[in-house]
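Here the structure is laid out as structure tokens; the discussion comes afterwards.
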Amino acid sequence: MRILADNRLDPGCPDYWLNTAQAMLIGPGQPAQLLHRDCQNWSSLTKMTWPNMPEVTISMMLALDEVCETNGATRVIPGSHLWSDYRTKGQAVDTIPAEMSAGSALFYSGKVIHGGGANLSETDWRLALHLSFVVGWLTPEEAACFVYPRRLIADRSDRVKRLLGYRSYNPSPLAGGRLWLKDFDEWSA
Ligand SMILES: O=C(O)CCC(=O)C(=O)O
Ligand SMILES: [Fe+2]
């Protein structure tokens with residue numbers, strides 16, 4: 001994931017950060033999620049830049065147990081990141097299920113159409129983790145620095161702290177971002 005993020009997320013801007021880290025569980029009988037592109041969380045940018053939109057967010061879906069078509073595997077439309085009109089939603093019939101054994105992962109561009117599948121089973125939960133990053137010049141969906149308070153991350157590296165939102169934005173490719181600034185010094189309360 002790190003290699004992908006380093007290479008794909010606006011390589012001129014190394015300062016990407018955590019967007020979401022969630023368990024994504026789909027229970028028996030749950031209907032399919034609407035098909036969508038994750039980049040449309042930042043819909044103004046999508047509107048302004050599509051079809052030449054830079055890669056601003058990438059995601060990983062990690063299977064914690066077997067994930068199959070019947071229990072709600074993520075459905076994807078390969079190639080939809082290249083469609084000329086971002087408003088084209090695609091049809092269920094165009095999707096394929098990303099079936100995985102436990103421990104496997106699906107990595108996908110924020111520009112590709114996808115959605116959680118319907119869980120058609122009677123008892124089988126779809127157990128997966130979702131992790132996504134977003135470039136440092138956009139605001140993440142989750143406020144990670146409140147989810148992971150300072151006492152939990154005190155011993156972590158500066159890189160991990162920055163990924164979790166403990167940082168000001170610094171676009172310099174060399175600096176790799178700084179931690180929070182106050183009066184232009186590192187903030188260390
Ligand atoms: O649960 C899934 O398979 C996909 C979830 C998803 O795409 C999302 O929440 O953005
Ligand atoms: Fe999504």
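Things to note:
- From phi via Karplus (6.51, -1.76, 1.60), per-residue ³J(HN,Hα) for the stretch 119-134 in Hz, x at Gly/Pro: 9, 8, 7, 8, 9, 8, 7, 8, 10, 8, 10, 10, 9, 9, 10, 9
- Cα-only radius of gyration and Dmax that characterise the chain, units Å: 18.0, 58
- Note on ASP94/ASN52: beta-carbon distance plugged into 1/(1 + (r/R0)^6) with R0 of 25 Å gives a FRET efficiency of 0.60.
- Taking every C-alpha pair closer than 8 Å and separated by at least 6 residues, the mean separation divided by the residue count of the chain gives a relative contact order of 34 percent.
- Radius 11 Å from Cβ of ALA21, net charge of other residues (Lys, Arg +1; Asp, Glu -1): -2
- Element breakdown for the chain at a 1.4 angstrom probe: carbon and sulfur atoms account for 57% of the accessible area.
- Accessible surface, the chain, averaged per residue in Å² (probe 1.4 Å): 55
- Residue-averaged [θ]222 nm for the chain, counting only DSSP H segments that reach four residues, each worth -39500 (n - 2.57): -3000 deg cm²/dmol
The values are calculated or read from the model by the stated rules, or taken from the named source; none is laboratory data. Remember, it's a predicted structure, so these values are computed and weren't measured experimentally. Cβ coordinates were reconstructed from backbone atoms using ideal geometry, including for glycine residues, and neighbour counts include every protein chain displayed. Ligands, DNA and RNA are stripped out before the accessible areas are found, and what is left, the full protein with its side chains, is counted by its heavy atoms. Shrake-Rupley method; radii C 1.70, N 1.55, O 1.52, S 1.80 Å.
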